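Laboratory data are not the source of any read-out in this text; all were calculated from the coordinates shown. Just so we're clear, the structure is a prediction, and the values are computed from it rather than from any experiment. Quick reminder, even Gly has a Cβ in these numbers, built from the backbone with ideal geometry, and neighbours come from all protein chains shown.
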């Protein structure tokens with residue numbers, strides 16, 4: 001991928017975010033719009049992680065001040081590490097990957113040809129919706145008959 005194309009895609013992603021503010025605009029199979037606020041989800045994940053980290057820091061500080069054995073400090077750390085892992089496992093179960101973006105810019109191929117790189121042909125899609133849409137488009141492409149190119153007579 002060329003550098004100019006990457007810059008163009010980053011600019012398109014910024015423009016779509018400025019328009020949609022991270023709210024998924026994909027249509028679900030029943031016809032309703034998903035409407036998941038991915039920025040609120042990311043914010044809640046960060047707050048929960050910071051809360052667990054703050055509790056861990058407080059408990060470790062108290063344990064060190066009481067001169068508790070190292071095994072006790074390790075047990076405190078493992079418990080808090082398990083809490084963060086539980087939060088991240090729940091996100092993975094929902095279809096998101098912690099530490100990565102919770103939304104992607106989806107280009108709708110049903111929009112007329114030649115508008116692939118415009119903001120009008122793109123929408124914000126949460127990761128689970130984007131996976132579903134990409135799978136639907138791949139299935140549609142697989143059903144399409146292949147274009148045959150006439151061979152030259154030898």
Multiply the residue gap between residue 11 and residue 141 by 0.36 nm, knock off their C-alpha separation, and tell me the result in nm, one decimal place.
-> 44.0 nm
Starting from the alpha-carbon convex hull of segment 20-137, give the projected area averaged over all orientations, in nm².
-> 9.2
Calculated FRET efficiency, residue 70 and residue 47, Cβ-Cβ r, R0 41 Å, to nearest 0.05?
-> 0.85
State the extension gain, in nm to one decimal, for the chain segment bounded by residue 94 and residue 37, taking 0.36 nm per residue of separation less the distance between their alpha-carbons.
-> 19.1 nm
